[in-house]
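K.L.:
So that we are looking at the same thing, I have put the structure below in structure tokens.
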Amino acid sequence: MKTYPGLEIPFADWKDWSLQKVLRHQAETRPDATYLVAPEEGLTLTFAQTLEAAEALATTLYANGASYGDRVLIQAKNSSELVLSWFGAGVGGLVEVPINTAYEFDFLAHQVRTSKPRWAIVDSTFASRFVQVREDCAGIEKFWVIDDGELEAGLAALRDAGWAAEPFEDLRERRAEVELPDVVSQDLGAIFFTSGTTGPSKGVAMSHAMFYFDAVECMNLTKLTPEDTYMVTTPLFHGNAQWLAAYPALVAGAKFVLYKKFSASRWIDWVRDNGVTVTNFLGVMMDFVWKQPPRENDADNNLRCIFAAPTAGSIAQPFGERFGVEAFVECFGLTEVSMPILSPYAPVGERPAGAAGLAVAEWFDVKLVDPETDIEVPVGEVGELVVRSKHPWTLSMGYYGAPEKTVEVWRNMWFHTGDALRKDEHGWFYFVDRYKDALRRRGENISSYEVEQGILAHEDVFECAVIAVPADFAGGEDEVMACLVPKREIDVEELWEFVATKVPAFAVPRYIRFMDALPKTPSEKVQKAELRKDAVTADTHDREALVKAS
């Protein structure tokens, strides 16, 4: 069977796998080359300037009493200050704890209680959130506040609540009396929280080595070199932007272009204006760009590769032709296990339709098992993806402060992803569903993801979530229900006819419900559990009832 080709590892000695060593290496070998570009700030930083700013920030934290391994909470929108805060923690041997910018109240309090940070760097507009959960944040000794429009108010709120607080500018002054420690690759480097769709979010403990390995995988996946420019519009509190974009650019010596947030209408202009060669898409971003009015100069750009998670297979070929994209690449992975499955870099259309990639067999053991027995399923059958590493420190160190959850997910010495995949006879893996989102209708297994993709191909559908609802007769298993947000009024009969051309007959939703918005977590993941609670409502359209009526 095919497996993913061997990875190129820039630092052969794993002991050098730390952000501190990577950034210092790039500052030494290409000091005047541009690393960070923040167009909306009018800011450009070379590798040498980035290192200087990061080390200055780290020395200030130590001058205030920080100790190696202290957690540094960061809650900020995309900005150069956020990048430098992350890098400053990394080069100083402190632990970055990025917090979703939508989190406040109990969501914020839970992550603070779990990670126990001593220091915090936050946007001024978020300062009052910490005051609201003051008791849960008692362990934070000092805040540094980024000016995003309300600096004085943010500082005042924190100081009135009893905290020491200074403007972010205080972190830019290097404290000469502080000597930074050497960062050990196997030590904790970051805590990234899961989305918490089925319970409280868990803090994934990532070593410096794992963080580096993730970046190296992405560098290989996208064939990133010093000649490339990698643009990101996704939030930096997610790994998709941090260790699958900003860090790979650093490892490769490439230029990293950062925008505050995604804009479907301006995306191609940003690509063209910055000479972008590589960028990423998350979720429905690719579809949003595709549905923008075409322009004659769409292909007038340097873009060669898009890392899409996932790739919208139904539009990949025409998307590539329209925008001049050489290759789409993707992976299958989780925060906890890096990326055990990668798609080889190849021209658009050469990857088998729907395939997520091949096993990175040099670095991981990968199996599909029966989720009830953990016994491997035959090739071609759907099973739960389980993973273990062949090399130390390439998987997470567990869930921070939650040993029982760590043990639970590492059953039988394999990490259980909870994801249903299948593998073909050639070694290609295909994502089927999350096990909790799987449907079975009249003996047929149905992927909610694949049905969603079929519905999203309709030009008037903005968002869609497919769920299982109980059949209304004994032994009927599930019925398929689609909850969707339309761009404009859609005739439901016309929509059913359209979907019937995109998915197998047994997968066409019986029920369709039009909604103003889908319920989501603060990290923008659809809460399917909430949709299942309501299930079939009075305003839901029933295809079978329509057929009977006619």
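K.L.:
Between VAL536 and GLU321, what FRET efficiency follows from the Cβ-Cβ distance if R0 is 60 Å, with the result rounded to 0.05?
P.N.:
FRET efficiency, VAL536 to GLU321: 0.90.
K.L.:
Moving to a separate point now. In degrees between 0 and 90, to the nearest 10, how far off the longest principal axis of the chain does helix 105-115 point, with axes built from Cα atoms?
P.N.:
60 degrees
K.L.:
From the phi of every residue in region 244-256, what ³J(HN,Hα) in whole Hz does the Karplus formula 6.51 cos²θ - 1.76 cosθ + 1.60 yield, where θ is phi - 60° and glycine or proline is x?
P.N.:
Running phi through 6.51 cos²θ - 1.76 cosθ + 1.60 with θ = phi - 60° gives 10, 8, 4, 6, x, 4, 5, 4, 7, x, 8, 8, 10 Hz.
K.L.:
While we're on this one: Pull up all non-local amide H partners of SER185: gap of 5 or more, or a different chain, and H-to-H distance under 5 Å with H placed in the peptide plane.
P.N.:
Close amide H contacts, sequence-distant or interchain: none at all.
K.L.:
Quick check on the chain: helices-only [θ] at 222 nm, where DSSP H runs of length 4 and up contribute -39,500 (n - 2.57) each and the sum goes over total residues. Nearest 500, please. Could the numbers behind the result be given before it?
P.N.:
On the way: 16 runs with 150 residues, N = 550.
Estimated from H runs of four or more residues: -8000 deg cm²/dmol.
K.L.:
For mean projected area of the Cα convex hull in nm², the choices are (1) 34.0; (2) 26.0; (3) 28.7; which was calculated from the structure?
P.N.:
Recomputing mean projected area of the Cα convex hull in nm² here picks out (2).
K.L.:
Along region 259-264, what does the Karplus equation 6.51 cos²θ - 1.76 cosθ + 1.60 (θ = phi - 60°) give for ³J(HN,Hα), rounded to whole Hz, x for Gly and Pro?
P.N.:
The phi angles translate into 10, 5, 7, 6, 9, 4 Hz.
K.L.:
What full-extension length gain, to one decimal in nm, is calculated for ARG411 and ALA471 as 0.36 nm per residue of separation minus the Cα-Cα distance?
P.N.:
Values: separation 60, 0.36 × 60 = 21.60 nm, distance 3.31 nm.
18.3 nm is the gain from fully extending ARG411 to ALA471.
K.L.:
Amide H of PHE193 versus every other amide H placed in the peptide plane: which residues, excluding those fewer than 5 positions away on the same chain, fall under 5 Å?
P.N.:
So PHE193 has HN proximity to VAL204.
K.L.:
Under 5 Å between amide H atoms, partner at least 5 residues away or on a different chain: which partners does VAL329 have, H built in plane at 1.01 Å?
P.N.:
Under 5 Å from the amide H of VAL329 lie the amide H atoms of ILE306, PHE307, ALA308, each far enough along the sequence or on another chain.
K.L.:
Test of understanding: extend the Cα→C-beta vector of ASN302 to 7 Å, then name every residue of region 232-264 with backbone N under 19 Å from that spot.
P.N.:
232-233, 245-259
K.L.:
If I fit a long axis through the Cα atoms of helix 47-63 and take the longest principal axis of the Cα atoms of the chain, what angle between them do I get, 0 to 90°, rounded to 10?
P.N.:
With rounding to tens, the tilt is 70 degrees.
K.L.:
Work out, step by step, the length gained on full extension between LYS291 and GLU152: first 0.36 nm times the residue separation, then minus their alpha carbon distance; give nm to one decimal.
P.N.:
In short, 45.9 nm is gained.
K.L.:
A further question follows. Relative to the present Cα-Cα distance, how much length would full extension add between GLU376 and TYR68 at 0.36 nm per residue of separation?
P.N.:
Full extension from GLU376 to TYR68 adds 106.6 nm.
K.L.:
What are the ³J(HN,Hα) couplings of region 422-432, residue after residue, when phi is run through the Karplus curve with 6.51, -1.76, 1.60 and θ = phi - 60°? Round to Hz, x for glycine and proline.
P.N.:
Whole-Hz 3J(HN,Hα) from phi for region 422-432: 10, 10, 8, 5, 9, x, 6, 9, 10, 6, 9.
K.L.:
I would also like to ask the following. Normalised by the residues of region 353-484, what does the relative contact order come to in percent, with Cα pairs under 8 Å and at least six apart? Before the final figure, lay out each step's value.
P.N.:
On the way: 222 pairs, mean separation 25.1, N = 132.
After rounding, I find 19 percent.
Read-outs throughout are calculated quantities, based only on the coordinates presented, and are distinct from any laboratory measurement. Since this is a predicted model, take the numbers as computed values, not measurements. Virtual Cβ from ideal backbone geometry, glycine too; neighbours counted across all protein chains shown.
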